[in-house]
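The values are calculated or read from the model by the stated rules, or taken from the named source; none is laboratory data. These numbers were taken from a predicted model, which means no experiment stands behind them. Positions of Cβ are backbone-derived with ideal geometry, glycine not excepted, and every protein chain shown enters the neighbour counts. Just so you know, the surface numbers come from the protein's heavy atoms only, side chains and all, with ligands and any DNA or RNA stripped out. Shrake-Rupley method; radii C 1.70, N 1.55, O 1.52, S 1.80 Å.
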Amino acid sequence: MTVNDYWHRATQTRVSRRRMLAGSAAAAAGAAAVAIAGCGGGKKSAPITMQPRSGGVLRTGTTLSIASGLDPQIETGTGLAIFPRIYGYLLHIDPRDDTIIKDHALSVEQPDPTTYLFKLRPDLRFQDIAPVGGRNVTSEDIAASIVRYRDNPLVTSKTWHTTVLDRVEAVDTSTVRVTTRRPYVYSLGELGGISAGAILPKELVQSSTDLSATSIGSGPFLLDQVARTGSARIVRNERYHRSPVPYLDAMEWTIFSDDDAKLAAFKSRQIDVMPNRDNSEAQSVRAFSDGVEVAPEPSLACVSLGLRVDRAPFNDPRVRGALDLAIDRDALIRDIAFGNGDVLGAVNPHLADGYWSLPRAEVIDAHSGTVPIDERRAGARALLLAAGASGASFKMQVANIPQMIDVATVVRQQLLTLGLDIIMEELDLLQWFTNFRRGQFDATVIGQLPYESPDIPTRLYHSSGADGTASMFGFSDGAIDRLVERSWGESDRATRQKTLLEAQRLMLKARPMIQLFTGSGYSSAWKYVRNRHTELIGSLAQYNYEQWIAPQ
């Protein structure tokens with residue numbers, strides 16, 4: 001690679017999933033399956049006006065700690081930005097358009113609806129660290145990694161691995177076969193997921209090595225040091241197969257105790273990049289110097305209010321409708337999201353530029369959002385009266401995280417205007433999560449993860465729930481189930497979109513969850529940091545290995 005970087009070249013060669021499946025249909029009829037082309041991500045890259053320069057250290061500041069270390073299968077904190085640069089992946093799915101981005105896979109074929117064949121590149125080597133010793137990556141490593149994820153008791157989000165995956169086989173040293181129990185359109189996304197898709201050496205899997213502070217991968221960087229509450233450093237892997245990428249000598253993360261300390265370090269150039277706390281911080285950074293680039297980052301996460309709809313008072317749809325009417329989302333967005341948020345239905349409108357989500361006007365109309373809030377609350381009181389639920393009492397659980405407590409406090413205050421008796425229960429995160437997954441709540445404020453497909457957001461409304469066992473909301477609707485299940489097998493994107501929009505209209509009326517808002521964030525960097533590719537959304541940003549430092 002010379003002037004044109006990895007992401008730019010990728011835009012010239014990527015092939016859509018639909019074309020891959022069309023080729024697979026031909027294979028089923030006797031023709032060879034069409035392999036997927038492509039080696040990178042990002043729809044468009046800014047023109048490259050300067051030759052990338054090797055060397056330098058990119059320093060990032062954050063207030064988010066490393067939650068569980070660098071084990072890619074369980075980490076949920078800042079380690080999510082670190083371990084994808086240490087480990088290799090078969091592929092990634094671009095959440096914006098569902099195109100397939102190959103990484104370690106030389107080819108991907110689907111000879112029939114439930115079989116996937118992956119051929120590995122021949123030039124893949126693990127980092128030269130004992131006990132792996134720089135050997136080639138093989139199909140046995142892929143199989144071991146997938147099985148470890150499926151059987152890992154600390155992994156909580158493995159519905160595909162436990163309900164869809166049938167088996168994974170090493171056909172030969174460079175070929176992996178994955179078989180599913182039924183056609184499932186999100187299978188490749190699961191196999192290339194940021195946590196589930198990381199390729200581990202089989203030696204570490206077989207020896208049950210603790211990967212929280214030990215990492216051996218086949219990615220562009222090697223782990224130098226990590227401290228969960230303080231810092232982390234990774235250094236260039238000289239044997240990475242995409243030389244001269246990475247351009248950087250090293251990447252470092254410093255975890256600050258608060259945003260003020262982080263901001264001070266940025267302004268004094270002790271760090272080069274940082275996520276901004278909110279819009280006000282982003283604006284202050286922009287005003288500080290014209291040498292700073294501030295980029296918006298629409299969030300794929302959102303906040304919801306979950307209800308147990310199989311018991312009083314929420315077993316009456318009029319009560320759920322009353323809560324939906326009474327919540328002032330404009331106030332939540334103004335006071336909690338600092339004005340950088342939006343309403344949403346079951347699927348986040350930031351995903352794929354809204355391709356999978358209901359039109360905004362339809363979402364607003366579902367909770368009468370254009371009607372003045374006082375009129376809506378009067379209507380909500382009438383619904384409660386008709387349901388015999390005036391003055392109803394219930395508990396509302398929330399994780400003991402400041403941002404979530406802020407949301408729960410405002411929602412409670414708003415609902416108290418209906419005459420309800422609401423007791424807020426603050427729980428530590430693990431206890432909250434355990435209760436949520438087991439359905440042990442009356443109402444609960446949910447910080448939804450940044451889902452990169454409509455799969456889990458719509459599964460949450462299915463009678464088998466997100467994990468394929470049971471709905472944590474005690475909810476069941478046959479019409480919704482049929483639509484969601486139909487979508488699992490619809491490889492044609494437009495057909496699946498129509499099915500999911502139909503399902504979401506029913507979800508808005510059923511209200512086992514009341515969607516509150518989704519937010520947007522910002523990140524700041526000094527302009528000498530090049531190739532940031534701020535257009536990359538979700539986990540794609542973590543696979544950008546082409547940053548470099550320009551002379552200052």
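Estimated at 0.36 nm per residue, the fully extended path between Asp290 and Ala261 surpasses their Cα-Cα distance by 8.3 nm.
Using the Cβ-Cβ distance between Asp210 and Met50 with R0 set to 45 Å, the FRET efficiency works out to roughly 0.60. Remark: the range 228-342 projects, on average over all directions, an area of 12.5 nm² (convex hull of Cα atoms).
Over all other residues within a Cβ to Cβ distance under 11 Å of Ile373, the charged ones net out to -1, with Lys and Arg as +1 and Asp and Glu as -1. The alpha carbon centroids of the range 285-327 and the range 472-533 are separated by 13 Å. How far, in degrees from 0 to 90, does helix 373-386 lean away from the longest principal axis of the Cα atoms of the chain, to the nearest 10? Tilt of helix 373-386: around 70 degrees. Each part reduced to its alpha carbon centroid, the range 92-165 and the range 234-250 end up 22 Å apart.
Ordered by 1.4 Å accessible area with all protein chains kept, Leu325, Leu154 run largest first as Leu154, Leu325. Taking every lysine pair in the chain that is 8 or more places apart or spans two chains, those with Cα atoms closer than 27 Å amount to 17.
Using a probe of 1.4 angstrom and keeping all protein chains present, the accessible surface of the chain works out to 40 square angstrom per residue.
Can you work out the FRET efficiency for the pair Thr114 and Ala382, with r the C-beta to C-beta distance and R0 = 56 Å, to the nearest 0.05? According to the calculation, E is roughly 0.60. Length available on full extension from Ala130 to Lys509: 0.36 nm per residue minus the Cα-Cα distance, which gives 130.8 nm.
Taking every C-alpha pair closer than 8 Å and separated by at least 6 residues, the mean separation divided by the residue count of the chain gives a relative contact order of 19 percent. In order along the range 212-221, the Karplus-derived 3J(HN,Hα) couplings, from 6.51 cos²θ - 1.76 cosθ + 1.60 at θ = phi - 60°, round to 5, 10, 10, 9, 10, x, 10, x, x, 10 Hz, and Gly and Pro are given as x. Extension gain for the segment Leu154 to Gln552, taken as residue separation times 0.36 nm less the Cα-Cα distance, is 138.8 nm to one decimal.
Of the GluC sites (Glu not before Pro) found in the range 466-520, those in coil by DSSP whose Cβ has at most 16 other Cβ atoms within 10 Å are Glu490.
Placing a pseudo-label 7 Å from each Cα along the Cα-to-Cβ vector at Gln270 and Arg239 gives an inter-label distance of 3.7 nm. Every helix of 4 or more DSSP H residues in the chain counts as -39500 (n - 2.57), and over all residues that averages to -8500 deg cm²/dmol at 222 nm.
Once neighbouring chains are kept in place and the probe is 1.4 Å, which whole percent of the accessible area of the chain is contributed by carbon and sulfur? List each step's numbers first, then the result.
Values: 11210 of 21850 Å².
Roughly 51 percent of what the probe reaches on the chain is carbon or sulfur.
Among residues other than Ile537 with Cβ under 9 Å from its Cβ, the summed charge is -3 (Lys and Arg +1, Asp and Glu -1).
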